[in-house]
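Down below is the structure, laid out as structure tokens.
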Amino acid sequence: MNHTITEVTPGAITERVSVIDVREPAETAADHIPDALLAPLDSLLVFVQEAFPDRDTRIVLYCASGERSRKGAQTLIDEGYKDVASLKGGFREWVSRSMPVAGGSTLSRYARHLVIPEIGANGQRALGEASVAVLGAGGLGSPVSLYLAAAGVGRLSLIDDDVVDETNLQRQIIHDTPSIGEKKTDSAARRLRDLNPDVDVVTVTKRLNASNVKEILGGHDVVVDGADNFPTRYLLNDASIHLSVPVVHGSIYRFEGQISVFYPPHGPCYRCLFPAPPPPELAPNCAEGGVIGALPGVIGSLQALETIKLILGIGEPLVGRLMIHDVLSSEVTTINIQKDPECPACGSDQPPELIDYDETCLR
Ligand SMILES: [Zn+2]
């Protein structure tokens with residue numbers, strides 16, 4: 001059935017309207033209307049049905065000249081969308097009126113993301129709006145924060161109270177020789193800002209404790225655990241249950257690394273596996289523990305990937321699974337892990353009490 005398509009002028013595009021660019025990725029890569037969603041004509045219907053199940057949503061479509069957007073509007077109206085319009089004259093008209101445009105360097109920086117259907121412009125925008133806390137600017141925190149900053153995650157909070165030591169440089173690649181003696185948060189933040197000035201890097205040069213943990217971690221979409229000690233790891237686990245935030249866990253020891261996503265009630269928490277910290281005398285000593293330098297690069301990169309998957313809502317995050325890498329035998333094993341109904345942290349409706357444990361070391 002043919003309907004008369006409503007055509008609007010650029011002035012009709014306000015914050016109350018959902019604007020969708022129906023041009024092809026090659027066209028939108030250069031520039032587009034700020035905050036427009038990008039959905040090429042042939043994927044428009046599926047995109048709109050997913051993003052706007054409410055048929056009363058006010059939608060304005062545009063293309064280069066106004067032809068394709070009229071076709072798209074017809075498709076949506078045929079599917080029952082009641083408030084759809086096409087931008088008369090398209091993006092050309094928009095530009096000729098000197099209206100603001102977005103794109104350019106941003107699209108060039110993330111070009112290799114934008115061509116992946118699972119990410120695209122909308123996924124890139126989701127990354128830019130995401131906020132991630134990275135606990136520890138050390139072996140794991142180095143690759144995690146470097147890759148998340150490179151990927152364009154909007155806000156990265158780096159939490160570490162340590163200073164760069166020469167023994168760190170064998171694996172903590174975000175730091176360098178001139179930064180020995182400097183606060184790790186400052187050294188890392190400088191590198192991340194150089195890598196991607198779009199990212200808001202927030203430094204928290206504090207040790208987490210029971211009284212500050214919720215305030216420091218609150219407001220983040222994902223927390224990445226790169227902690228090097230048991231008290232922090234348990235505190236983080238318990239606080240994440242208070243905050244209902246997923247924790248991307250990573251740990252490394254000599255030639256073995258482990259990674260999982262703890263996200264109760266969707267899966268177990270760290271305490272479901274290890275109910276209580278080991279006594280300090282049984283925890284590996286920092287100097288004795290040891291770790292091969294490239295291992296945190298592997299595990300930290302996987303943590304960055306899991307974080308990106310969680311932000312984008314794609315793939316199968318490691319919720320309820322523990323991946324174990326033995327880099328000496330080159331064996332990778334993924335095992336299912338269960339939620340413990342008796343878990344001291346996530347086993348009841350009441351979030352756990354936050355506890356400051358004695359100092360022990362994981363490295
Ligand atoms: Zn649990």
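The values are calculated or read from the model by the stated rules, or taken from the named source; none is laboratory data. A quick note: this is a predicted structure, and the numbers were derived from the prediction, not measured. Backbone-built Cβ (ideal geometry, glycine too); neighbour counts: all protein chains shown. Heavy atoms of the whole protein, side chains included, go into the accessibility calculation; ligands, DNA and RNA do not. Shrake-Rupley method; radii C 1.70, N 1.55, O 1.52, S 1.80 Å.
Observations
- Projected-area average for the range 123-336 over all orientations - Cα convex hull basis, square nanometres: 11.3
- HN-Hα J in Hz across the range 162-178 - Karplus 6.51, -1.76, 1.60, θ = phi - 60°, x for Gly and Pro: 9, 10, 5, 10, 4, 5, 6, 6, 5, 9, 8, 6, 6, 9, 9, 4, x
- The length gained by stretching the chain between Glu118 and Glu24 to full extension, at 0.36 nm per residue less their Cα-Cα distance, is 32.3 nm.
- The angle separating the long axis of helix 295-312 from the principal Cα axis of greatest extent in the chain is about 40 degrees.
- Nearest-ten-degree value, helix 141-150 long axis tilted from longest Cα axis of the chain: 10
- Highest average first, the peptides 120-131, 244-255 ordered by how many other beta carbon atoms sit within 10 Å of their residues are 244-255, 120-131.
- Percent RCO, i.e. relative contact order, over the chain, from Cα pairs under 8 Å lying at least 6 residues apart: 14
- Sequence-distant residues sharing a close amide H with Arg58 (under 5 Å, placed H): Ser18
- Working from Cα pairs under 8 Å separated by at least six residues, relative contact order for the range 222-362 is 36 percent.
- Within the listed set Pro100, Pro277, Pro351, the Gaussian network model of the chain (springs between alpha-carbon atoms below 10 Å) gives the highest mean-square fluctuation for Pro100.
- Prolate/oblate/rounded label for the range 242-313 (Cα gyration tensor, a/c 1.5): oblate
- Hull-based mean projected area of the chain, where the convex hull spans the alpha carbons, in square nanometres: 20.9
- Relative to the dominant Cα principal axis of the chain, helix 120-129 is inclined by about 50°.
- Nearby aspartates and glutamates by direct alpha-carbon distance to Lys339 (threshold 15 angstrom, same-chain neighbours under 8 apart not counted): Asp238, Asp349
- At 1.306 mPa s and 10 °C, Stokes D of the range 97-176 from Kirkwood alpha-carbon radius, µm² per second: 110
- Loop GluC sites (Glu not before Pro), the range 3-44 (other Cβ atoms within 10 Å of the site Cβ: 13 or fewer; DSSP): Glu15
- Apportionment of accessible area to carbon and sulfur, the chain, percent (1.4 Å): 51
- Note on the chain: GNM, Cα springs under 10 Å; of Arg271, Arg55, Arg97, the largest mean-square fluctuation is that of Arg97.
- The Rg/Rh ratio for the range 6-102, using Cα coordinates for both the radius of gyration and the Kirkwood hydrodynamic radius, is 0.92.
- Each peptide in 29-36, 307-314 gets a packing score, the mean of other Cβ atoms within 10 Å over its residues, and the list from highest to lowest is 307-314, 29-36.
- Spin-label model, Phe274/Asn336: points 7 Å from Cα along the beta carbon direction are separated by 2.4 nm.
- Label-to-label distance, nm, for residues given as Ile355 and Asn212 (7 Å Cα→Cβ offset): 2.2
- Candidate lysines - alpha carbon under 24 Å from Lys184, same-chain residues fewer than 8 apart omitted: Lys206, Lys214
- Gap separating the Cα centres of the range 172-215 and the range 299-363, nearest whole Å: 23
- Straight-line cross-link partners of Lys88 among the aspartates and glutamates, defined as a Cα under 14 Å from its Cα and at least 8 positions apart when in the same chain: Glu7, Asp21, Glu67.
- Surface accessible to a 1.4 Å probe, per residue, for the residues of the range 218-329, Å²: 37
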